[in-house]
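Notes follow the structure.
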Amino acid sequence: MNKINPPYYKFFGIALIVFMLGCEDDINPNLEEALPLLAVDAWITDKSEPQAIRLSFTRSYFENSQTTPLLNASVSVDDNLGNSFVFVDQGDGDYVWTPANNQTLGVSGTSYTLSISAEGEQYTSEQIMMNPVPLVDSVTYRLDAVTAFDDDEFIGEFWSRDLIGEGDTYWIRSFLNGQLLSLPSEINIAFDAGFVGSSFDGLIFIPPIRDAINPLGDLELLENDSLYVEIHSITNDAYQFLSEVQTQTDRDGGFGELFASPFGNVPTNISNVDPNSEAIAVGFFNVAAVSGNGRRLIASEVSN
Amino acid sequence: MLLRTKLFLSVILLSITGLDLFGQQSFTLSGYVKDLSNGEDLIGATIYVDEISSGTITNVYGFYSITLIAGVYSVEYRYVGYETIKQEINFIENISQDIELSDGGQELQEVVITAEPEDSNVSSVEMSTNNLDIKTIQKIPAFMGEVDVLKSIQMLPGVATIGEGASGFNVRGGSVGQNLVLLDEAPVYNSSHLLGIFSVFNPDAVKDVKLIKGGIPARYGGRIASILDVRMKEGNSKKLAAQGGVGTIFSRLAIEGPLIKDKASFIVAGRRSYIDWLAKPFVSALRDGARLNFYDLTMKMNYNIDENNRVFVSSYFGRDNFKFDKEQGFDWGNQTATVRWNHLFSKKLFSNFTAFYSNYDYKLAFGQTDDDQFDWDSKITTYDFKPEFTYFINPQNEISFGAEVLLYNFQPANAVGVSNGEVQDVSVDRRFGLESAIYLANDQKVSDQISLQYGLRFSHFTYLGAPTTFFTFDDPTPGLRKEVVAEFEADRFESISNYSNLEPRFSMKYQLNGTNSIKASYNRTSQYIHLISSTTASNPLDVWTPSTNNIKPQTGDQYAIGWFRNFQNNGYEASLEGYYRRTRNQIDYIDGAELLINEALEGDLLSGKGRAYGAEFYLKKNKGRLTGWVSYTLARTELQVDGINQGDWYPTKYDQTHNLKIAAFYEVGGRWTLSSNFTLTSGTPTTFPTSRFEQQGITIPYNAGDSRNNTRIPVYHRLDFSATLQGKEMKNGKKRKNENYWVFSVYNLYSRRNPFSIYFAQEGDLRTEPVPTRATQVSIIGNFVPAVSYNFKF
């Protein structure tokens, strides 16, 4: 759903300009004080490269300094085959597991649990499965206008087919010239080849997802730019989490607010082992299988 | 319950039968009261009999009937703003008499109102009800100069809205989907054009608007907060007439006239936005298939077959089109069709049979080629049959009874996706529901002081089987998505769940003296279909869903008490009302609810209870050059839903502590009239985060207390102004045949940037770590908006 609306925000935006009405102001409201909570940023993959889990504390919403890291914690990921992967404290809030040659942390079909012990509290994640991922067949470009109100521009697309069987969930992450596109508006998730609630099972990813690998905002693709696309397999809960992150963070403002959801907390799959403890955690743990592919834009190779 | 019902029915029967005991012969005077100039029925005109210091009023079809013991009576026919007709009538036989009243002059001019304003505010048993005639609605300064029924009722006490652009309105703590909006008896599911900016009712075709907030009569049911009863004009039965105008947004034209003089008439009224036509030469997209327009067409015909039979056919069609190229876009609209037959079984027994069809749908289309596209539409269709009877027994008792059967067809999503040439149907199957009701009520004048209106409605709903899979959900952890525990199939139209409710309705008036009365009311209402909307404001994508084996019907109880007082010979009317409303099975949503194209939608819905209470103050000035009103509401509206706000009560998004509205109209003299209105309301409740944290470079706002609506956006206030210049009355020394006038208006005169919402978002991304955050206040209308319109009538 969240993906289906945005083009319409923009369209109503056009209506708005016609009527010369809306406006936005930055404001500085007073927010309630809150105690810091443990924030766990644990999205690890089966890539044979160092895997990092970041531990920090929540801070006041308008606090724009660096995060306060959680130090001296012990962090490990255990699978249901008896393996334990220890993540080593880097002294800056990052805890890293470094693979030996060609070693990977994850295998599809295996379950994993995250354990964190710090400041006398024990946190654990739900046991989650690493799901399989389809290959990225290719990345291509076309020259097109998104709507009749737009000019022609180069649009990248990735081609891949959802795995057979309902309920596969993916996070598609895109890199422009090696730089991860990480804006809230650039979150690109898929439920099968489409969206949750609808069964686009076993198809090639549908266009809004296929196209949502391009940089947003004023950035336009130029000659020699490269797009590299990774598909990360995620759990259904992680899909729901990212979907809510998208709802809560990707705000267009303006007329889009008429379609916006009210504020709500995003879920977590990490909890204190002691259910009575007031030290609770936020954030998410996922182990992804990753596939990837990319291409450089050569305008002369693009057919209209 | 059963005993109470029996008791109740006995009371009704007793009060009916106990009346003709005296055995004196009585006769009935009946007929229609109409406007002399155009033959329109006058709704709520008074027929007053001096000798009994009492009388009756015309119903929504302009019909009246009064039965008196044989004798000579002095009968007055009165209607606000019209000349009174007084007659000596000898009741020696049954008399049929249609009366035409003259409005004594042309509207919008300084007219001498020969009839005294009525004191119905004080003397009628009706409470928590506001009537707005179209002439008043036309005077209220309107956004973009477009006269608007829904914006006008927002000037009344007890009515709130979340803000500009939000569809619908909120009455006494009710949600948008808890209002029954009727256009000539047919429900209109989405009452807005351009999201919530304009309403779907064409003012040229509207005759009368009545908002019932409490003391809801037994003949109405199906929604728990309010009834907005919009009646269309019948069409001029005397002569062919046209009116219309060119405004900032719409161009309008209405044609009405007799088909057979004084027997049959019609009205056809259309409106269309025309900015796309004007912009076409300058915006190439509009030449390449993009569309941006909205329009509606209202039609009605009526035919007086004979003295005892009359037929009405009315219909509405409206559409909003937003297409950003030939293939892609979004459109939505309502369609209604109503057929009504008024039949007099006798001079005392009036009946009306209504059959209607009402439909609301929206369509979305994405994708630029046939190989990659997504088409999606959603629909609710209703078929209804409704016989209603009124038995005018005597001046003391008026019994009404009737029944209603509604068949609902819900199509949550018809959706087909094509990806690289492969087609996938992802539709959510249709659902069906059957709602039925019977009711019996009496309007009784017990004495000169006491009047009662009491009734009982029995409603029933069956969730019907269809060729789809039905789900049963587990008992959930409050606030989280429910899991499907069982699936089952059902035959078409097999009954899956049944619900019924007894809905007692009661109102009373105690007249202290000629200018003071106290009124009290209680009503229970139930609602079997639910508007599903989790966004801040209601919008065209909201879908309706039936009560099912997992969703219970909503019910509400409302108690109200009020003091009504008129001053200076009804020159001023005032009221003070207090209400308390309790509701059950109100719908709320889990965080991250998927409401569109979701087969297991019921798993994302939560159910809770609501309470609302408030005081409403209303002072209206009816006479003189300066007229208008002040309305102030002090209110609280809260919900309690397990799994939200840690299970504690929280204010709804439409909770407004203070709500002040002032409307003023001033006849300057000459050709000018000035109008102004002022609105001041508490800010809409909202939730602010306390904290932030990061996930993969994205900054996420978080409320550590997990609270809902813990704060409010700033206060809303706005002043609007308009001036009407009437065209010259004389031309070359002769009275002009046609009328015209200009309206100049300014909405939001002092350009306040009224907040609609406040959102929290990050600025920049990973590359600028740490990512700065900001809070942004959005105003849907942040400027003053001047407008001019030209209107004509001939």
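The values are calculated or read from the model by the stated rules, or taken from the named source; none is laboratory data. Since the model is a prediction, treat every value here as computed from it, not as a measurement. Note that each Cβ is placed from the backbone with ideal geometry, even for glycine, and that neighbours are counted across all protein chains shown. Side chains included, ligands, DNA and RNA excluded: accessible areas come from the protein's heavy atoms. Shrake-Rupley method; radii C 1.70, N 1.55, O 1.52, S 1.80 Å.
For region B:363-473, count the residues as N, evaluate 2.2 N^0.38 Å, and divide the Cα radius of gyration by that value, please.
On the way: Rg = 24.1 Å, N = 111, 2.2 N^0.38 = 13.2 Å.
Ratio of Rg to 2.2 N^0.38 Å for region B:363-473: 1.83.
Which value, in Å² and to the nearest 10, is the accessible area of B:Arg712 when all protein chains are kept and the probe is 1.4 Å?
80
Please provide three numbers in whole Å: the alpha-carbon extents of the protein assembly as shown along the principal axes, with the largest listed first.
Between the extreme Cα coordinates on each principal axis of the protein assembly as shown lie 113, 73, 54 Å.
Starting from the exponent 0.38 and prefactor 2.2 Å, build the expected Rg for region B:489-537 from its residue count and divide its actual Cα Rg by it.
On the way: Rg = 20.6 Å, N = 49, 2.2 N^0.38 = 9.7 Å.
Compactness ratio reported: 2.13.
B:Arg287 label point, 7 Å along Cα→Cβ, cut-off 16 Å on backbone N: hits in region A:147-175?
Label zone hits: A:148-151.
Please turn the phi angles of region B:482-491 into ³J(HN,Hα) values with the Karplus equation 6.51 cos²θ - 1.76 cosθ + 1.60 (θ = phi - 60°), one per residue in order, whole Hz, x for glycine and proline.
With the stated coefficients, region B:482-491 comes to 7, 8, 6, 9, 8, 10, 8, 10, 9, 5 Hz.
Using the alpha-carbon atoms, what tilt in degrees (0 to 90, nearest 10) does helix A:6-19 show relative to the longest principal axis of chain A?
It is inclined by approximately 50 degrees.
Once Rh for region B:643-794 is found with the Kirkwood sum over Cα pairs, what is the Stokes-Einstein diffusion coefficient at 10 °C and 1.306 mPa s, in µm²/s?
80
Treat each spin label as a single point 7 Å out from the Cα along the C-beta direction, and report the A:Glu33 to B:Tyr750 distance in nm.
3.6
At a probe size of 1.4 Å, how large is the accessible area of A:Glu223, to the nearest 10 Å²?
Here the accessible area works out near 100 Å².
Using only the alpha carbons, work out the radius of gyration and Dmax of region B:720-767 in angstrom.
Every Cα atom of region B:720-767 included, Rg and Dmax give 24.2, 79 Å.
Would you mind computing, in nm to one decimal, how far apart the modelled labels at A:Asp144 and B:Gln87 are, each placed 7 Å from Cα along Cα→Cβ?
Calculated label separation equals 7.4 nm.
Between region A:160-222 and region B:469-526, what is the separation of their alpha carbon centroids in Å?
For region A:160-222 versus region B:469-526, the Cα centre distance is 42 Å.
Where does helix B:2-17 land angle-wise versus the long Cα axis of chain B, in degrees 0 to 90, nearest 10?
In chain B, helix B:2-17 runs at an angle near 30 degrees to the longest axis.
For region B:583-622, take every pair of Cα atoms, bin their distances at 5 Å starting from 0, and report each bin as a whole percent.
Percent of Cα pairs in each bin: 6, 17, 17, 13, 10, 9, 7, 7, 7, 5, 2.
In what sequence, highest mean first, do B:403-412, A:256-265, B:466-475 appear when ranked by Cβ atoms within 10 angstrom? Can you show the working numbers first?
Details: B:403-412: 18.8, A:256-265: 22.1, B:466-475: 14.7.
Averaged packing, sorted descending, gives the order A:256-265, B:403-412, B:466-475.
Can you figure out the FRET efficiency of A:Arg296 with A:Val273, using R₀ = 56 Å and their beta-carbon distance, to the nearest 0.05? The partial results should precede the final answer.
On the way: r = 49 Å, r/R0 = 0.88.
Efficiency at R0 = 56 Å is approximately 0.70.
How would region B:181-223 be classified by its alpha-carbon gyration tensor: rounded, prolate or oblate, with rounded meaning a/c under 1.5 and the a/b versus b/c comparison settling the rest? Mind dumping the intermediate values first?
Details: a/c = 2.22, a/b = 1.66, b/c = 1.34.
Taking the square roots of the gyration eigenvalues as a ≥ b ≥ c, region B:181-223 is prolate.
Among bridges DSSP assigns within the protein assembly as shown, what percent are antiparallel (round to 5)? Don't jump to the answer; show the numbers that get you there.
Details: 397 of 415 bridges.
About 95 percent, rounded to the nearest 5.
Excluding residues fewer than 8 places away in the same chain, name every one of the aspartates and glutamates whose C-alpha is closer than 13 Å to that of B:Lys213.
B:Glu126, B:Asp229, B:Asp557, B:Glu577, B:Glu616
Within 10 Å of each Cβ in A:232-242, how many Cβ atoms from other chains are there, averaged over the peptide? Could you put the intermediate results ahead of the total?
On the way: counts 0, 0, 0, 0, 0, 0, 0, 0, 4, 3, 3.
Going residue by residue through A:232-242 and averaging, the value is 1.
Please compute the Kirkwood hydrodynamic radius of chain B from all pairs of different C-alpha atoms, in Å with one decimal.
Values: mean 1/r = 0.0355 Å⁻¹.
Answer for chain B: a Kirkwood hydrodynamic radius of 28.2 Å.
When the helices in the protein assembly as shown are scored as -39500 (n - 2.57) per DSSP H run of 4 or longer and the sum is shared across all residues, what 222 nm value do you end up with, to the nearest 500 deg cm²/dmol? Numbers along the way, then the final one.
Numbers: 9 runs with 73 residues, N = 1098.
Roughly -2000 deg cm²/dmol at 222 nm, from the helical runs in the protein assembly as shown.
Any idea what angle helix A:236-249 forms with the longest principal axis of chain A, computed on alpha-carbon atoms, 0 to 90 degrees, nearest 10?
That helix lies at roughly 60 degrees to the long axis.
Evaluate E = 1/(1 + (r/R0)^6) for B:Leu512 and B:Tyr666, where r is the Cβ-Cβ distance and R0 equals 35 Å; express this FRET efficiency to the nearest 0.05.
Values: r = 33 Å, r/R0 = 0.94.
It comes out at approximately 0.60.
Hey, rough spin-label estimate for A:Asn236 and A:Gln90, points 7 angstrom out along Cα→Cβ, what's it come to in nanometres?
3.4
List the residues whose amide H sits under 5 Å from the amide H of B:Ile57, counting only those 5 or more places along or on another chain, with H placed 1.01 Å from N in the peptide plane.
Correct list: B:Ile47.
Residues of region B:711-747 with amide nitrogen under 19 Å from the 7 Å Cα-to-Cβ point of B:Val788?
From region B:711-747, the list is B:721-728, B:740-747.
Could you give the C-alpha radius of gyration of chain A expressed as a fraction of 2.2 N^0.38 Å, taking N as the number of residues it contains? The partial results should precede the final answer.
Details: Rg = 20.9 Å, N = 304, 2.2 N^0.38 = 19.3 Å.
It is 1.08.
Hey, which of these cross-link pairs are over 29 Å Cα-Cα: B:Lys239/B:Lys734; B:Lys233/B:Lys519; B:Lys347/B:Lys445; B:Lys151/B:Lys363? Kindly include the intermediate steps, with their values, before the conclusion.
Working: B:Lys239/B:Lys734 21 Å; B:Lys233/B:Lys519 31 Å; B:Lys347/B:Lys445 20 Å; B:Lys151/B:Lys363 26 Å.
Correct reply: B:Lys233/B:Lys519.
If you take each beta carbon of peptide B:159-170 and count the beta carbons of other chains within 10 angstrom, what is the mean? Mind showing how you got there, number by number?
Values: counts 0, 0, 0, 1, 2, 3, 7, 1, 1, 0, 0, 0.
Average per residue, whole number: 1.
Taking R0 as 56 Å, what's the FRET efficiency between B:Glu76 and B:Thr711 from their Cβ-Cβ distance, rounded to 0.05?
Working: r = 56 Å, r/R0 = 1.01.
So, using R0 = 56 Å, E works out to roughly 0.50.
Averaged over peptide B:148-155, how many Cβ atoms belonging to another chain are found within 10 Å of each residue's Cβ?
Numbers: counts 0, 0, 0, 0, 0, 0, 0, 0.
Across the residues of B:148-155, the mean count of other-chain Cβ atoms within 10 Å is 0.
Be a star and scan region B:29-67 for residues whose amide nitrogen sits under 12 Å from the point 7 Å along the Cα-to-Cβ vector of B:Lys239.
B:37-38
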